[in-house]
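The values are calculated or read from the model by the stated rules, or taken from the named source; none is laboratory data. Since this is a predicted model, take the numbers as computed values, not measurements. Here the Cβ positions follow ideal geometry from the backbone for every residue, glycine too, while neighbour counts run over all protein chains shown.
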Amino acid sequence: MFRRVLAPGLRTLFTTTPSTLQSILTKGDGTLPALHVPDRNIIWSRSELALKCFTFAAALRDLGYADQPKPLALRLNNSPELCVALLGAALAGVDVRTSKSRDGFSAITSHGSVVHVGDMQLAGDMLGSHEPIVVGDGAGMNDPAVLWDVLMHVYQGAAETEMAPNAANAPSSSFFFSTDSKPNTLATLLNSAEAARSALELQPCERVCIPVPLTHNMGLGFGLLSVLSSEACVVLPGECNGGSYDATLHDRANSAIEAVEKFECVGVVGDTHVVNEMRGFKERMKRIEELGVFRTGLLKVGGGVALGAGDRVQFAGGELVTVGLPKLRS
C-alpha cells in the first residue's frame, strides 16, 4: 500500500520560497498558534499545521491520487482533519468533491475518499479505486480501510521532500474544489483569501472564529486561508452532528459565542444564519461587547464573492464586512 521509502524526520519548515499556498502555510514564525479546536483540546502551531498538510499531500501522491483525473471524495465536519485534507489535497494538486447529502456523496465517482468512521459504510459502497481513509476510532472495523492516524504516521517523514520547491512535486493539475456543483479553483480561493486579509487587518496571534463549513469558499478561502495568511489563529467551534436544521444552527451559534468570549476572538467569519442566531444570546453578546476585544469579521449576505458591496454590519462592538451581493428587497 505504502510504496515510498520515507526520508528522515523533518528538520525545518521555514526555509523555502514555495508557491502561494505553500507560502501561506510556511511564512513567518512557526511557533505561533495557527489552529485552535476547543472541543478537541487541540492547538496547533503554524509549523505543526504545515507539517500535517504536507504529510497528507505526500500520502496522496504516493497513493496515486495526483496521477489520474478522478477526485478525492471528502465528507467531514469542521475539524483539524478537514483542514489538513483540504489544504493537503490542494498542495498535491488533487481535485476534491464534497456533498451535503449522503446520496450526493455516494454518487461521486472518485479515486478514493476521506470520511469519518460513522460514514465508512457509505464510503465503502462508492465506486472508487482505493480504500477509504477513515478518521476516528477504527476498533472493530471489518471492511478494508486506511486509518487516518496510521496514514499520517507512516508518511510524516515525507513532508520535507514534499515542501522542496521541486518541479517534480509541483501540482500536475489545478486544484478544483466542488461542493454540490459549486466549483472553486485554488486561484479563486486564494484570491478570496487575499481580499479578506486586506479587509480584516489581523495581527499575528489574534484569534478569529469560523462557525461556517470549511467546505465552502466562505469558510475555506475567506476564512481559513485568509486568517492563516495574516499569521493569525483560526478557532473552530464545536462540531454539530445531527438533529434538525434549527437545532444544529443553535448549537453552532452557541459554540461560536462560547469560543469568541472564552478565547477573546477579535473577529468572526460567518453567514447571516449563524450570526443572527448568535445575536439571540443577548447577555453573552453583551459581555463580548464589554470585553472590547471584538472588532472585525466577514458576513456572507448573498451570492457571489463581492467584498464590501453592502453596508458594514454592526456586531458585538465591531463591524462585519459583507461578502456577496445583498438580496434586493421588493
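In a residue-by-residue description of the range 62-81, the property of being crowded, with 23+ Cβ neighbours inside 10 Å and either at positive phi or free of Cβ contacts under 8 Å to residues at least 40 places away in the same chain (or both) applies to no position.
Just to be sure before I move on: is Val268 over 21 Å from Glu194 (Cβ atoms) and of a type in the set (Val, Ile, Thr) in the structure I sent?
Considered against the rule, which asks whether it is over 21 Å from Glu194 (Cβ atoms) and of a type in the set (Val, Ile, Thr), Val268 comes out as no.
Of the residues making up the range 132-144, none is in contact (Cβ under 8 Å) with a residue 24 or more places away in the chain, surrounded by fewer than 23 Cβ atoms within 10 Å (Cβ to Cβ) and either closer than 21 Å to Gln22 by Cα or touching a Pro at 6+ places or on another chain (Cβ under 8 Å) (or both). Out of the residues in the range 182-198 that are within 15 Å of Leu228 (Cβ to Cβ) and touching a Phe, Trp or Tyr at 6+ places or on another chain (Cβ under 9 Å), state the one that is surrounded by the fewest Cβ atoms within 10 Å (Cβ to Cβ). If we take residues in the range 182-198 being within 15 Å of Leu228 (Cβ to Cβ) and touching a Phe, Trp or Tyr at 6+ places or on another chain (Cβ under 9 Å), then Ala195 is surrounded by the fewest Cβ atoms within 10 Å (Cβ to Cβ). For the range 16-46, a residue qualifies if it is small (Gly, Ala, Ser) and within 16 Å of the chain's Cα centre (by Cα), and the qualifying residues are Ala34, Ser45.
Condition first: in a helix (DSSP H, G or I) and at pLDDT 95 or above. Now tell me which residues in the range 61-85 satisfy that.
Filtering the range 61-85 down to residues in a helix (DSSP H, G or I) leaves 61-62, 65-67, 80-85.
Listed by number, the residues that qualify are Pro80, Glu81, Leu82, Cys83, Val84, Ala85.
One residue stands out in the range 284-314 among those that are touching a residue at least 40 places away in the same chain (Cβ under 8 Å) and under 16 Å from Arg207 (Cβ atoms): the one that is surrounded by the most Cβ atoms within 10 Å (Cβ to Cβ), namely Leu298. Among the listed residues Val274, Val234, identify the single one that is assigned to a helix (DSSP H, G or I), surrounded by 15 or more Cβ atoms within 10 Å (Cβ to Cβ) and assigned by TED's automatic domain parsing to the domain that holds Met218. When all the criteria are applied, what remains is Val274. Listed by first and then second residue, the pairs linking a residue in the range 149-165 that is acidic (Asp, Glu) to a residue that is assigned to a helix (DSSP H, G or I) and at pLDDT below 85, with Cβ atoms under 8 Å apart and 6 or more places separating them unless they lie on different chains, are Glu162/Asn169.
Looking at the structure I just gave you, is Ile108 touching a residue at least 60 places away in the same chain (Cβ under 8 Å) and buried (at least 20 other Cβ atoms within 10 Å of the Cβ)? So Ile108 fails the test.
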